[in-house]
Amino acid sequence: MSSSGYLDRIAGPERTPSLNQQLASPSALVAGVLNSVGFIAVAFYTSHMTGVSARVADQLVLGEYYLVGVGLLAVASFIAGAMACAVIFNWGRRRGLRGRYANVLLLEGVLMLVFGLLAEELTASWREIVFIPVLCFTMGLQNAIITKISGAQIRTTHVTGMVTDIGIEMGKLAYLNRTPGLDPVRGNAPKLAMLASLVLLFVLGGIIGAAGYLAIGFAVLVPCALLLVIVSHRPLMTDLGAHAEGRA
């Protein structure tokens, strides 16, 4: 298969478990980069809504109302990203577009590209109330689109869920089937390998993001943004070509 044909399929509307994993892998890497950049830059994990929600509760009790506001802004921005994904996806789906998934990935890539190129210019002490919403919105976009693509089987920013599933599959593989006549307990080794690879890619992304930010600042996000643009562009070009033919 040619590279253009592969790019048309990886973010296209026809999905298979293999294509889902191939798209989730770079997405998990990008999520790790974004998460670590957010922490190194403003001491905030932008993918970890469980932790953010717990932090809101803690800071509310401690009377740190500014931090409560920042946390609520982060959660609202993540939700807004997931909402935007649903709107964009369903708009494309109802029109039969090949780019129904790719549209969301392109938006994520463009946001990361603009942020990576311009964020360094903002040096004000309150810059976290700009950075955190942008990063959380982007994370919400990505988690929602991968959830859509995989039928809720994969979530690239939700490592807790993936680690839980790893433990479940390992328990199934370790189970000793001693009772005859009952359906045996079987682990899913391919699923286990897929989940482990996504967690490792998230961790690798975190290493790249932290080291890259310390070396070159927010510009470390630019290659990640370009990766998403490359992955998503082919279905979009097909849709634009079809639209142009329809108007001719």
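The values are calculated or read from the model by the stated rules, or taken from the named source; none is laboratory data. Small disclaimer: the values here were computed from a predicted structure and weren't measured. So basically every Cβ, Gly included, is an ideal-geometry build from the backbone, and we count neighbours across all protein chains shown. Ligands, DNA and RNA are excluded from the accessible area calculation, which covers all protein heavy atoms including side chains. Shrake-Rupley method; radii C 1.70, N 1.55, O 1.52, S 1.80 Å.
Once you order the gyration tensor axes a ≥ b ≥ c over the Cα atoms, which shape class does the stretch 123-211 get: rounded for a/c under 1.5, otherwise prolate or oblate by comparing a/b with b/c?
prolate
Give the calculated FRET efficiency between V203 and A86 to the nearest 0.05, with a Förster radius of 35 Å applied to their Cβ-Cβ distance.
0.75
Residues with beta-carbon under 13 Å from that of M49, excluding M49: net charge, scoring Lys, Arg +1 and Asp, Glu -1?
+2
Sum -39500 (n - 2.57) across every DSSP H segment of at least 4 residues in the chain, then divide by the residue count to get the 222 nm mean residue ellipticity, nearest 500.
Helices in the chain give a 222 nm mean residue ellipticity of -26500 deg cm²/dmol.
For the chain, what does the alpha-carbon gyration tensor say about shape, rounded, prolate or oblate, given a ≥ b ≥ c as the root eigenvalues, a/c under 1.5 as rounded, and a/b over b/c as prolate?
Here the chain falls in the oblate category.
For a Förster distance of 22 Å, can you work out the FRET efficiency between the beta-carbons of A219 and A43, rounded to the nearest 0.05?
0.65
Rounded to the nearest whole Å², what accessible area per residue is found for the chain with the 1.4 Å probe?
Per-residue value: 51 Å².
Along the positive direction of the dipole of the stretch 122-248 (beta-carbon charges: Lys, Arg +1; Asp, Glu -1; about the Cα centre), which of G140, G217, V130 reaches farthest?
Working it through, the farthest residue towards the positive pole turns out to be G140.
Which parts of the stretch 39-65 would a label at A124 reach, counting a residue when its backbone N lies under 18 Å from a point 7 Å out along Cα-to-Cβ?
42, by backbone N distance to the label point.
May I ask for the net charge around Q22, where only other residues with Cβ less than 11 Å from the Cβ of Q22 are counted and Lys, Arg are +1 while Asp, Glu are -1?
Local charge sum for Q22: +2.
Report the Cα centroid-to-centroid distance between the stretch 106-151 and the stretch 4-29 in angstrom, as an integer.
21 Å
Might you report the magnitude of the Cβ-based charge dipole of the chain about its Cα centre, with Lys and Arg at +1 and Asp and Glu at -1, to the nearest 20 debye?
800 debye
Roll a 1.4 angstrom probe over the protein heavy atoms and tell me the percent of accessible area of the chain that is carbon or sulfur.
66 percent
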